[in-house]
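Presented below is the structure to which this report refers.
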Amino acid sequence: MRNESSSPDTGNNRSWEVPLSDDQRARQGWMGVLSMAPSARLCDLFDALPEKPGFEFLRKPESGLIMTQGRVGGTGGAFNMGEMTVTRCSVKLSDGTVGHAYQAGRDKKKARCCALLDAMLQQPERQREIMNSIIEPLKAEQAARDLARAKKVAATKVDFFTLVRGED
Amino acid sequence: MYVAVKGGERAIDNAHRLLAEDRRGKTSTPDLTVDQIREQMKLAVDRVMTEGSVYDPDLAALALKQARGDMIEAIFLVRAYRTTLARFGSSLPVETGSMKIDRRISAAFKDVPGGQILGPTFDYTHRLIDFKLAADGGDPEEAISMDDAMPQARHVLDLLAGEGLVETPEASQDQAPPGDITRTPVEFPMDRSTRLQSLARGDEGFLLALGYSTQRGYARTHPFAGEIRVGRVAVEFQPEELGFPIQIGEMEMTECNMINQFQGSKTVPPQFTRGYGIALGHGERKAMAMALVDRSLRAGELGEERTAPSQDEEFVLSHCDNVQATGFVEHLKLPHYVDFQSELNLVRKMRRQVEDGIAFAGKEAAE
């Protein structure tokens, strides 16, 4: 069973080591937050936005795969661990702003919301509003979930002690 | 040779309808939802993801439902599904050192910075059937929380690597992408990263048995579980249209670093060597078995004599894929009537020859 697709592997791309501009870093931040958001919650927040811009799809939501890589021994060279389902979508707003979404899973509705939000967040006049009403709350909720879990995990920390055997 | 048969369409359709009815079971019991399978049969879902080699808990749960709980059938369904999808590219290597940890233990070092974290484990349970779960189940008491959250923890083996007592995994020699068995036909010898991909999707039972064989003396490697960690890692991908990497989600995974005695060689002083294993989701048994087999397969590289099955790369890697294995084993139940007829004729002919031969030999002996 082989998966033939024309898109090339990015392989061991090291270009993230190139410093990013402030705009790129901000965009990287919100795209990451959006990818982690539970679909229903994100769509509710999106639907609650007062104004939605007109748009056209550059790429309708489509599901595919990304090969995930790990490192030999956890720290060494790359190897392929297995694939992951990913859904992507690209939109162009009526003012020409382009938004993209790439996220784990097969949720097309979420990918569409995220591509639209990525575009709207690049519009200077809407960025603050959407950061405040969607990105910051989602980020706080994710942090709270992680913290709650990490506190439960911390309760399972154990201190083993070794006993010295008497005979020697 | 397999000669195709025709006909039987109606019986096949009816068999599939019967299968659908049996899959559902008695309709007086509630239908199982995919959400229930994903949440409550998590470790089965994780195994289907690992050996199906696709991370998607909902997909794996659905495959399990369709397969009536048959793991290999579910894995087969996932493998078949992936062939219908285009590949968008490869992630950046996930950094397990920055994992959000659910469990992290070392059987070799007692006092590891960050601590021994048991997490949700069957270890130290008494393995007594809990009839309360059958009675009404009910929701369990909420787990205990500490005020201080679990911090990130460095890899245990990094702590010893500084002293040179444990080997450091080699970094990428070049920028070339690692070998990919889903794209390139398998060739031996295989480099370690391609071997790891093959083992990562390999059958848990097969690798468990091979790993066990190394402990029992077939290619003895004196292993210690240097570290086992389970948790979530960020998955990052660089879309061409963006030109910078973005996080596309998280993935739960299990990682095992085994450490093994090594006598040293002409060029390398005695030190501990490592075997590495992973599983998608929570799969410690798989990750540990894989780490044992990975180390065993490094026999050639480390100048060890190859004496056992677990050291034979071609044997291990050609037989660890349960979808391939089940395809070849299970095809035996498909009609082989023509095939068998020709063998039947052959055996009849051979028997005649043997009878003639005995008669002839008898005559010769008499002379």
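Among the GluC sites (Glu not before Pro) found in the stretch A:28-136, those both in a DSSP coil and sparsely packed, with 13 or fewer other Cβ atoms within 10 Å of their Cβ, are A:E51. Working from Cα pairs under 8 Å separated by at least six residues, relative contact order for the stretch B:9-82 is 27 percent. Mean partner shielding of peptide B:248-255, defined as the number of other chain Cβ atoms within 10 Å of each residue Cβ, is 6. Spacing of the modelled spin labels on B:F328 and B:R23, each 7 Å from Cα toward Cβ, amounts to 2.8 nm.
Placing unit charges on the Cβ atoms only, positive for Lys and Arg and negative for Asp and Glu, gives chain B a dipole magnitude near 1040 debye about its Cα centre. Measuring r between the beta carbons of B:T121 and B:N345 and using R0 = 45 Å, the FRET efficiency lands at 0.15. Based on DSSP H segments of at least four residues, each scored -39500 (n - 2.57), chain B has a per-residue ellipticity at 222 nm of -12000 deg cm²/dmol. For B:G231, the residues 5 or more places off, or on other chains, whose built amide H falls under 5 Å of its own are B:D102, B:M253. Note on the stretch A:18-152: Lys pairs 8 or more places apart or on different chains, Cα atoms under 27 Å apart, count 20. Normalised by the number of residues in chain B, the average gap of Cα pairs under 8 Å and 6 or more apart makes the relative contact order 18 percent. Using the crude model of +1 on Lys and Arg Cβ and -1 on Asp and Glu Cβ, and no other charge, please compute the dipole size for the protein assembly as shown relative to its Cα centre, in debye to 20. Computed charge dipole of the protein assembly as shown: roughly 820 debye.
For chain A, what log10 I(q)/I(0) values come out of the Debye formula at q = 0.13, 0.20 1/Å, with one point per alpha carbon and no solvent? These q points yield log10 I(q)/I(0) values of -0.80, -1.40.
Evaluate 2.2 N^0.38 Å with N set to the residue count of the stretch B:9-82, then give the Cα radius of gyration divided by it. Don't jump to the answer; show the numbers that get you there.
Values: Rg = 13.1 Å, N = 74, 2.2 N^0.38 = 11.3 Å.
Expressed relative to 2.2 N^0.38 Å, the Cα Rg reads 1.16.
Longest exposed-loop-site-free stretch of chain B, with chymotrypsin sites (Phe, Trp or Tyr not before Pro), DSSP loop and at most 12 other Cβ within 10 Å? It runs B:132-367. The largest-to-smallest principal axis extents of the Cα set in the stretch B:215-273 are 51, 28, 18 Å. Modelled spin labels at A:D159 and B:K6, positioned 7 Å past Cα toward Cβ, are 7.9 nm from each other.
Restricting the calculation to Cα atoms, the stretch B:259-338 yields a radius of gyration followed by a Dmax of 17.6, 62 Å.
Out of every Cα-Cα pair in the protein assembly as shown, what percent are more than 40 Å apart? Spell out each step's value before the answer.
Working: 49231 of 142845 pairs.
Counting pairs separated by more than 40 Å, the tail of P(r) holds 34 percent.
The Cα atoms of chain B cover 93, 69, 54 Å along the three principal axes, with the biggest extent listed first.
Using the Cβ-Cβ distance between B:D191 and A:V18 with R0 = 25 Å, the FRET efficiency computed as 1/(1 + (r/R0)^6) comes to roughly 0.30. Of B:V186, A:V164, the sequence from fewest to most neighbouring Cβ atoms within 10 angstrom is A:V164, B:V186. Take every pair of alpha-carbon atoms less than 8 Å apart whose residues are at least six positions apart; their mean separation over the length of chain A yields a relative contact order of 19 percent.
Quick note: the coordinates plus some simple rules give every number you see, no bench work behind them. As the structure is a computational prediction, the values presented were derived from the model and not from experiment. Every residue, glycine as well, gets a Cβ built from its backbone with ideal geometry; the counts of neighbours run over all protein chains shown.
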